Amino acid sequence: MDKQYQHSEHEAKIYQLWQDHNCFNPDRELTAGENLSANAGVGANATPTSTIATHYSQTKKSRSAFTIIMPPPNANDPLHIGHAMFVALEDALVRYHRMLGDDTVWIPGTDHAGIETQFVFEKKLKKLGQSRFQFDRETLFKMIWDYVQENSGVAIDQIKQLGASADWSRFKFTLDPDVVATVLETFSKLAAAKLLYRDNKLINYCTRCGTAFSNLEVVHQDGVAPLYYLKYGPLTLATTRPETKFGDVAVAVHPDDVRYQKYHHQEIEVVGLNGNFKLKVIPDNFVDKEFGTGVVKITPYHDFNDFEFWRRHRAELPQPKLVIDHSGRLTAVAGKYAGLKVAAARNQVIADLQAKDLIVKINQNYQNSVGNCYRCGHAIEPLPLPQFYVKVKPLTERVLTALDEGHITVVGAGHDKILRHWLNRLEDWNISRQIVWGIRLPVWYSTTKYPDILINFIDKSSQKQSGKIGDLLKNFTLEEISAGLQTLNAPIETEYQISPTSPGPEFLQETDTFDTWF
Ligand SMILES: [Zn+2]
């Protein structure tokens, strides 16, 4: 006998033996006297299956169920130490219940892992001198599918090497047709239960490329930019973005800043370029007392921090207004500046503010970091994009009630408190992702009723086309647009239909995918 245990000589053989005999499938009928150990010669210490078989046949009627769905690791990646941890814990539980004679099943699977996988795939494309913008979404999806299929064996083999007693006959990939069908059905159910809504969320947007980018794709560059000190009624505030001021909903100060405490929750009257307006002064910890004058303007649709601020204080603030549209021009909200591009608008606004003596000073050497498009180098605009949300409160309330009434037992001292804390703080769930690698939302928009829907697509001669669907339909058929579709951006007021298939010949399907599976 070897001095040391050589796992490589034994474990693969043992696992194969378990698999050959379908040992982890609760539907399997074991026969008394079946002896697994004899077949593979793995020694006297192998699982005493015959004993289990006898126990099974005796207790079958009274067997209770024990089920764990394995948290599926990413199909495209090798496992890490955290996976080994959960496999060890879940395997111990599953084997314990199997030995008790429970009807035990541990369902394994792998996750398509939308954002991460598409990001990794795009890095691979980049090495080949290509990018996602060269492909329509269907082609890109197919390419990523093939790539994931090539790699998905690694994680599965590693789970097996860990000895996981999972029922591989029940294996699921999160893009399997039955999983997709369940996701689409669940989405319809959520809509029917009025738990679904569409609302704006800020995203990184390149107005030149006409595309949303993930945080990972924004290139941050440190540089020097002018910081403008503007008169806002009795206050002076500092901003690098005077051209977005038409979308202000408040000004904010730090609650402890004694200079401004008398203004808390008061309204100030401000002289503006399109006439006077009023804003509330709201105290909030996010304001840096050292930045500028310690007063900042809040422009929710054009700054990530401001949008979060608005969500925190929305009860006492007006609705946000869109100042810059998705083509990078100022909207009607900006009055006489409507139609100007951002840079031109900024120059004009500064000139007019100076003429009205509303600029206190300009710091030309303000150090800041700006986000640029990794593809074209253009400045990234934070812009609102309508996305789907699941209302969480009606769901968490039911869980909290079940906890209160003792229908759910949380194991481990104090962990029920952590669960309650988490449930109480949970915000509505944003389930839209602006990527192709995932399950496409079964949401359809009428192109005849809503000609302002923005489209990017690759035409038959492989040229990229962008614009409003109403204009594009003058030169292209909807069939061609649909076949080459890359992205679609339907304004917030657009009505939609939920259906797994097209509800009519004039409809186009949403290009966003689910952040999840059910
Ligand atoms: Zn760009």
With only alpha-carbon atoms in the gyration tensor, what are the semi-axes of the equivalent ellipsoid for segment 212-382, in Å, largest first? 24, 19, 17
What number comes out for the charge environment of Arg314, summing +1 per Lys or Arg and -1 per Asp or Glu over other residues with Cβ under 13 Å away? -4
Using alpha-carbon positions, the gyration tensor of segment 289-397 gives root eigenvalues a ≥ b ≥ c; with a/c under 1.5 called rounded, otherwise prolate if a/b exceeds b/c, else oblate, the class is prolate
Counting Lys and Arg as +1 and Asp and Glu as -1, what is the net charge of the other residues whose Cβ lies under 10 Å from the Cβ of Phe518? 0
Listed here are the pairs Lys321/Lys468; Lys194/Lys321; Lys142/Lys464; Lys201/Lys356; Lys280/Lys449; which of them are more than 28 Å apart at the Cα? Lys201/Lys356; Lys280/Lys449
At what distance in nm do the modelled label points of Lys126 and Ala483 sit from each other, each positioned 7 Å from its Cα along Cα→Cβ? 3.2 nm
At 222 nm, what value in deg cm²/dmol follows for the chain if DSSP H runs of at least 4 each add -39500 (n - 2.57) and the sum is divided by all its residues, to the nearest 500? -9500 deg cm²/dmol
How many nm is it between the label spots at Asp404 and Lys449, if each spot is 7 Å from the Cα in line with the beta carbon? 4.0 nm
For Asp471, placing the label point 7 angstrom along Cα-to-beta-carbon and taking segment 337-364, residues whose amide nitrogen sits under 18 Å are 338-342
Accessible area per residue, 1.4 Å probe, Å², for the chain: what's the number? 52 Å²
Within segment 438-518, what whole-number % of the accessible surface is contributed by carbon and sulfur, with the 1.4 Å probe and all protein chains included in the calculation? 51 percent
Heads up, segment 94-242 by the C-alpha gyration tensor (a ≥ b ≥ c square roots of eigenvalues; a/c under 1.5 rounded, else a/b over b/c prolate, else oblate) looks prolate
Along the charge dipole of segment 212-382, pointing to its positive end and built from +1/-1 on Cβ of Lys, Arg, Asp and Glu, which listed residue (Asn347, His220, Thr236) has its Cα farthest out? Asn347
With every protein chain in place, segment 224-355: carbon and sulfur % of accessible area (1.4 Å): 48 percent
Protein-only accessible surface order, largest first, of Trp18, Trp145 at 1.4 Å: Trp145, Trp18
Kindly work out what percent of the DSSP beta bridges joining two residues of the chain are antiparallel, to the nearest 5. 80 percent
Would you mind giving the average projected area, over all directions, of the Cα convex hull of segment 432-514 in nm² with one decimal? 5.2 nm²
If the chain between Asp256 and Phe304 were fully extended at 0.36 nm per residue, the gain over the current Cα-Cα distance would be 15.0 nm
Between Val296, Leu441, Asn204, whose Cα lies farthest towards the positive end of the dipole of the chain when Lys and Arg beta carbons carry +1 and Asp and Glu beta carbons carry -1, centred on the Cα centre? Val296
Stretch gain in nm, segment Lys464-Glu267, where the contour uses 0.36 nm per residue and the Cα spacing is subtracted: 66.0 nm
With label points built 7 Å along Cα→Cβ from the Cα atoms of His415 and Phe518, find their separation and express it in nm. 2.7 nm
Given the chain, what whole percent of its Cα pairs are spread farther than 33 Å? 56 percent
What shape does segment 187-244 have by the C-alpha gyration tensor, where a ≥ b ≥ c are the square roots of the eigenvalues, rounded means a/c under 1.5, and otherwise prolate means a/b greater than b/c and oblate the rest? oblate
Going by Cα centres, segment 386-425 and segment 310-382 are how many Å apart? 41 Å
Contour minus end-to-end for Glu185 and Met1, with contour as 0.36 nm per residue of separation and end-to-end as the Cα-Cα distance? 60.5 nm
Between segment 134-156 and segment 454-518, how many Å separate their Cα centres? 22 Å
Taking R0 as 45 Å and r as the Cβ-Cβ distance between Asp288 and Arg170, the FRET efficiency 1/(1 + (r/R0)^6), rounded to the nearest 0.05, comes to 0.25
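The values are calculated or read from the model by the stated rules, or taken from the named source; none is laboratory data. Nothing here was measured: the structure is a model prediction, and the numbers come from that model. Ideal geometry is used to build each Cβ from the backbone, glycine not excepted, and the neighbour counts take in all protein chains shown. What goes into the accessible areas is simple: the full protein's heavy atoms, side chains included, and nothing from ligands, DNA or RNA. Shrake-Rupley method; radii C 1.70, N 1.55, O 1.52, S 1.80 Å.
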